[in-house]
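Chemist: Encoded as structure tokens, here's the structure I'll be asking about.
The values are calculated or read from the model by the stated rules, or taken from the named source; none is laboratory data. Quick caveat: nothing in here was measured; it's all calculated off a predicted structure. Reconstructed Cβ throughout: ideal geometry from the backbone, glycine too, with neighbour counts over all protein chains shown. Heavy atoms of the whole protein, side chains included, go into the accessibility calculation; ligands, DNA and RNA do not. Shrake-Rupley method; radii C 1.70, N 1.55, O 1.52, S 1.80 Å.
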Amino acid sequence: MNAGDRVRVDRADQTYEGVLLPSSTPDHLAIKLDGGYNVGVDRAEAEVEVLESDVYDVESAQDEQGQSEIEFDDDLPTVSLISTGGTIASTVDYRTGAVTAQFDAEDVLRAVPDLAGMANYRGRVVANILSENMTPAVWQDLAAAIYEEIEAGADGVVVMHGTDTMQFTAAAMAFMLDTPVPIVFTGSQRSADRPSSDNVMNAVCSVEAATSDCAEVLVCMHADESDDVCALHRGTRVRKNHTSRRDAFETVGANPLGEVDYDTDGDNEVTFRREYAERGETDLALADDLATDVELVKFTPGMDPALLETAAEDSAGIVIEGTGLGHVNTDWIDAIDALDVPVVMTSQCLEGRVCDRVYDTGRDLLEAGVIEGEDMLPGTAKVKLMWALANAGDVEDAIREPLAGEIQQRSTPWL
């Protein structure tokens, strides 16, 4: 029994029939079903019958000789495709379900042939991890890689990233990089072997955005449940607000910065609603130092202030998700006052602005040294504090100053 054989697998009261795939562990069988999905079965509990040998040559399908070749066109822009892992970076062969760990421009075009003819491509791997395993160290590696790609002449960069922590990485890049070209993050809520996968449309729209005139860090994902528009969110204002919907990402406190109208015939159109940094107006620069020991603490009723003191141990700074306008229990105020690290206050309401001048608690927090986080998202505030502690002369001034669109001028109704 070898990968590529057609098999029938009986396990308990279930029978599976399909093509045997390479498995990542010797204890499990992976079978590509006729309906297109893959299933894993415990080898010890299964009875396997080989129906036909070598119906598909899996090794040849994954061999480099089977990759498509890229022909460079001097009339097309060059887009650097950088992978950090995640669903969208998985390359699936639909006939076998085999997934290759390689990632280069040929792999991407083989997985998303719609990208052909839109640009010249360079492929690069920075990490191959689930996004929940993302770390500040990988952010630094990614920022350096993006810097090198732009310095080498890339007209735009597309970063393929798992969706769960994409908003944090996008915010980190927005603070760490001054960019003369678009840097576009994209991902996929549903894998390539599912009929409802969003990987093709997100990838195509991201390349369109990467060749646009908006030289900012953007997140490009489905704008709604249909396959017609991708939203372009500013990397410091975006949040994943649903666990599984294809339009999980939303700009908080405003409409998305722009959008890409998706056309299956390739007639895609990029539009923007508000002012943005234009291509070429900013010199490329990298400031990738980070104070990694910053904690984000969410206040809830009844929390012991000792938890804040524990979080502050060996920390360079604290961000608090307070209630409403930016409040915590009054018992926390003395604990905050005793801390000798910067404390930034944000709101768990997400919409609206922190203002600690309205109620007595807020005024007492200001007396204790709390820095108002304006209308920054709590996660963005954490990333910004990490960056400011390592790069800014005056941390409080840096937190209050809009650096990458993370602070909006006014919090007003926007619908």
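Chemist: What are the pairs, 6+ residues apart or on separate chains, where a residue within region 137-166 that is farther than 11 Å from Ser80 by Cα has its Cβ under 6 Å from a residue that is acidic (Asp, Glu) and modelled with pLDDT under 95?
Modeler: Asp164/Glu132
Chemist: If you check Glu208 against the conditions, is it open to solvent by 20 Å² or more (accessible area, probe 1.4 Å) and closer than 24 Å to Val383 by Cβ? Show your work before the answer.
Modeler: Working: open to solvent by 20 Å² or more (accessible area, probe 1.4 Å): yes; closer than 24 Å to Val383 by Cβ: no.
So Glu208 does not fit the description; no.
Chemist: So which residues in region 252-278 are open to solvent by 60 Å² or more (accessible area, probe 1.4 Å) and touching a strand residue (DSSP E or B) at 6+ places or on another chain (Cβ under 7 Å)?
Modeler: Glu269, Arg273, Tyr276
Chemist: Something else about it: Might you check whether a residue that is of a type in the set (Asp, Glu), surrounded by fewer than 22 Cβ atoms within 10 Å (Cβ to Cβ) and closer than 30 Å to Ala137 by Cβ occurs anywhere in region 335-351?
Modeler: Filtering region 335-351 down to residues of a type in the set (Asp, Glu) leaves 337, 340, 351.
Checking the rest, the ones that are also surrounded by fewer than 22 Cβ atoms within 10 Å (Cβ to Cβ) come to 337, 340, 351.
Within this subset, residues satisfying the condition of being closer than 30 Å to Ala137 by Cβ are 340.
Taking every residue of region 335-351 in turn, at least one turns out to be of a type in the set (Asp, Glu), surrounded by fewer than 22 Cβ atoms within 10 Å (Cβ to Cβ) and closer than 30 Å to Ala137 by Cβ.
Chemist: Still on this model: If Thr236 meets every condition in (1) modelled with pLDDT of 95 or more; (2) open to solvent by 50 Å² or more (accessible area, probe 1.4 Å); (3) outside any strand (DSSP E or B); (4) out of contact with any Cys (no Cβ under 7 Å at 6 or more places or on another chain) apart from one, which number is that one?
Modeler: Status for Thr236: all satisfied but (2).
Chemist: Do we have any residue at all in region 291-305 that's more than 30 Å from Val184 (Cβ to Cβ), more than 22 Å from the chain's Cα centre (by Cα), among the hydrophobic types (A, V, I, L, M, F, W, C) and surrounded by fewer than 16 Cβ atoms within 10 Å (Cβ to Cβ)?
Modeler: yes
Chemist: Here's another thing I want to ask about it. Quick check, is Gly362 more than 24 Å from Ala287 (Cβ to Cβ) and touching a strand residue (DSSP E or B) at 6+ places or on another chain (Cβ under 7 Å)?
Modeler: Working: more than 24 Å from Ala287 (Cβ to Cβ): yes; touching a strand residue (DSSP E or B) at 6+ places or on another chain (Cβ under 7 Å): yes.
Judged against the criteria, Gly362 is a match.
Chemist: Examine region 359-373 for a residue that is under 24 Å from Arg237 (Cα atoms) and not β-branched (Val, Ile, Thr), and state whether such a residue exists. Before you say what the answer is, go through the steps one by one.
Modeler: We begin by selecting, within region 359-373, every residue under 24 Å from Arg237 (Cα atoms); these are 370-373.
Now narrow it down to the ones that are not β-branched (Val, Ile, Thr): 372-373.
The answer is yes, given that some residue of region 359-373 is under 24 Å from Arg237 (Cα atoms) and not β-branched (Val, Ile, Thr).
Chemist: As an exercise: evaluate Trp332 against (1) of a type outside the set (A, V, I, L, M); (2) open to solvent by 10 Å² or more (accessible area, probe 1.4 Å); (3) more than 30 Å from Val138 (Cβ to Cβ) and give the number of the one condition it does not meet.
Modeler: It is condition (2) that Trp332 fails.
Chemist: Looking at (1) free of Cβ contacts under 8 Å to residues at least 40 places away in the same chain; (2) not in a loop (DSSP other than H, G, I, E, B), which is the one condition that is false for Ser226?
Modeler: (2)
Chemist: Do you know which residues across region 322-335 are farther than 20 Å from Ala398 by Cβ and either in contact with a strand residue (DSSP E or B) (Cβ under 6 Å, 6 or more places away or on another chain) or basic (Lys, Arg) (or both)?
Modeler: Step one: of region 322-335, the residues farther than 20 Å from Ala398 by Cβ are 322-325, 327-335.
Gly322, Val328, listed by residue number.
Chemist: Among the candidates Leu21, Leu33, single out the residue that is under 31 Å from the mean Cα position of the chain (by Cα), hydrophobic (A, V, I, L, M, F, W, C), surrounded by 15 or more Cβ atoms within 10 Å (Cβ to Cβ) and at pLDDT below 80.
Modeler: Values: Leu33 fails: surrounded by 15 or more Cβ atoms within 10 Å (Cβ to Cβ).
Exactly one residue qualifies, and that residue is Leu21.
Chemist: Tell me, which residue of region 239-251 that is outside any strand (DSSP E or B) and touching a residue at least 12 places away in the same chain (Cβ under 8 Å) is least open to solvent (accessible area, probe 1.4 Å)? Talk me through it step by step, then tell me what you get.
Modeler: The initial filter retains those residues of region 239-251 that are outside any strand (DSSP E or B), namely 241-248.
From the residues that got through so far, the ones that are touching a residue at least 12 places away in the same chain (Cβ under 8 Å) too are 244-248.
Numbers: Ser244: 57, Arg245: 94, Arg246: 21, Asp247: 25, Ala248: 1 Å².
Among residues in region 239-251 that are outside any strand (DSSP E or B) and touching a residue at least 12 places away in the same chain (Cβ under 8 Å), the one least open to solvent (accessible area, probe 1.4 Å) is Ala248.
Chemist: So which residues in region 290-330 are touching an Asp or Glu at 6+ places or on another chain (Cβ under 6 Å), without any contact (Cβ under 8 Å) to a residue 40 or more places away in the chain and under 21 Å from Asp360 (Cα atoms)?
Modeler: Pro305
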